[in-house]
Amino acid sequence: MMLLQLAIWGAWAPKLFPYMGQLGFEPWQQSLVGSCWGVAAILGIFFSNQFADRNFSAERFLAVSNVIGGAALLACAYFTEFWPFFAAYLAFSLVYVPSMSVANAIAFANLREPAKQFGTIRMGGTVGWILVSWPFIFLLSADAGPEQVRSIFVVAAIVSFAFAAYSLTLPHTPPLKHREGRDAAGTDPLAWRKAIKLLAVPSIGVLFLVTFIDSVVHNGYFVMADAFLTNRVGIAGNLSMVVLSIGQVAEIVTMF
């Protein structure tokens with residue numbers, strides 16, 4: 001589950017911004033596309049954690065969201081004008097970003113000892129990110145143009161459809177109200193209020209601050225990393241994603 005979940009992200013993330021540059025998108029247009037992820041993450045707090053987790057079985061939510069996400073990724077591959085591309089990428093973000101927390105919910109609901117086991121399970125996602133980088137050695141040429149680079153979205157869409165099918169084989173994880181054995185009246189209708197109060201706990205508050213800073217660095221890195229390797233360092237365009245995946249090797253060691 002985690003391998004497929006993160007392989008979708010890893011297929012397009014390193015080359016998203018170079019690809020938009022190849023399409024001739026202006027910097028302000030690229031920044032709008034880049035903001036879709038954050039918008040989806042904020043809305044996901046209210047949708048996946050507040051609504052979907054209480055009204056849909058998690059594995060079916062994953063299946064439906066990945067079918068929609070796969071279709072949106074295919075649209076990204078073939079739309080070359082900004083506004084259609086932006087709309088397709090925003091649609092993908094809105095269904096994919098919440099699916100990450102739903103996948104986590106499935107793991108925590110079904111693992112015998114989630115506190116001990118989840119790190120190793122989540123490590124599979126990092127492996128997926130690394131593995132999905134390798135096909136591009138053969139799909140791209142050293143100086144690949146947009147006609148080749150758009151394959152990042154095609155590969156991501158194929159993985160998304162595969163994940164949708166696989167999701168239906170995951171353990172049945174009913175809505176939260178059924179897992180807890182109580183109706184919706186037994187839960188806070190605005191669960192995010194409880195989450196915000198947890199920021200008063202010093203360890204969680206510090207974690208929130210560090211994660212915020214790390215996210216800024218992380219996003220800035222992915223905006224520039226591939227272009228830096230290919231244009232400045234001189235690494236071939238079909239090898240840059242493999243080189244960037246070295247960072248995920250360190251992540252595997254950390255999670256293990």
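The values are calculated or read from the model by the stated rules, or taken from the named source; none is laboratory data. Fair warning: this is a prediction, and the values are worked out from it, not measured in the lab. Note: ideal-geometry Cβ built from the backbone for every residue, glycine included; neighbour counts use all protein chains shown. What goes into the accessible areas is simple: the full protein's heavy atoms, side chains included, and nothing from ligands, DNA or RNA. Shrake-Rupley method; radii C 1.70, N 1.55, O 1.52, S 1.80 Å.
Please work out the C-alpha center-to-center distance from region 1-53 to region 215-248 and express it in whole Å.
17 Å
Charges at C-beta only: +1 for Lys and Arg, -1 for Asp and Glu. How large is the resulting dipole of region 26-127 about its Cα centre, in Debye rounded to 20?
400 debye
Return the calculated 222 nm mean residue ellipticity for the chain, to the nearest 500 deg cm²/dmol, obtained by summing -39500 (n - 2.57) across DSSP H runs with n ≥ 4 and dividing by the residue count.
When only DSSP H runs of four or more count, the value is -23000 deg cm²/dmol.
Report the gain in length on full extension from SER31 to ASN219: 0.36 nm times residue separation, minus Cα-Cα distance, nm rounded to one decimal.
This chain segment gains 66.6 nm when fully extended.
Which angle between 0 and 90 degrees, to the nearest 10, do you get for helix 114-133 versus the longest principal axis of the chain when only C-alpha atoms count?
Computed tilt is about 20 degrees.
Which value in nm describes the separation of the simple spin-label points at ALA236 and TYR78, placed 7 Å from the Cα toward the beta carbon?
Reported label-point gap for ALA236 and TYR78 is 3.0 nm.
For the chain, set up a GNM with springs between Cα atoms under 10 Å and report which of ALA72, ALA164, ALA115 has the largest fluctuation.
Highest fluctuation among the options: ALA115.
Would you tally the net charge around SER133, using a Cβ to Cβ cut-off of less than 14 Å, leaving SER133 out, and scoring K and R as +1, D and E as -1?
Details: positive: LYS15; negative: ASP226, GLU251.
Net of charged neighbours comes to -1.
Quick one: accessible surface of THR169, probe radius 1.4 Å, all protein chains present, in square angstrom to the nearest 10.
Rounded to the nearest 10, the figure is 100 Å².
When only the heavy atoms of the protein chains count and the probe is 1.4 Å, how do ARG193, ARG60, ARG112 rank by accessible area, highest first?
ARG112, ARG60, ARG193
Angle check, please: helix 27-47 long axis (alpha carbons) against the longest principal axis of the chain (alpha carbons), in degrees 0 to 90, nearest 10.
Its long axis makes an angle of about 20 degrees.
Looking only at LEU199, LEU140, LEU23, which one moves most when the chain is put into a Gaussian network model with springs between Cα atoms under 10 Å?
Of LEU199, LEU140, LEU23, the most mobile in the Gaussian network model is LEU199.
Find which of LEU74, TYR19, PHE51 sits farthest along the positive direction of the dipole of region 1-116, computed with +1 on the beta-carbon of Lys and Arg, -1 on that of Asp and Glu, about the Cα centre.
Working it through, the farthest residue towards the positive pole turns out to be PHE51.
For region 102-256, what's the relative contact order in percent, using C-alpha pairs closer than 8 Å and at least 6 residues apart?
Here the relative contact order equals 47 percent.
On the principal axes of its Cα set, how long, how wide and how thick is the chain? Give whole Å, largest value first.
58, 35, 34
Taking the chain as the reference, fit the longest principal axis to its C-alpha atoms, fit the long axis of helix 202-227 to the helix C-alpha atoms, and give the angle between the two in degrees, 0 to 90, nearest 10.
So the helix axis and the longest Cα principal axis differ by about 20 degrees.
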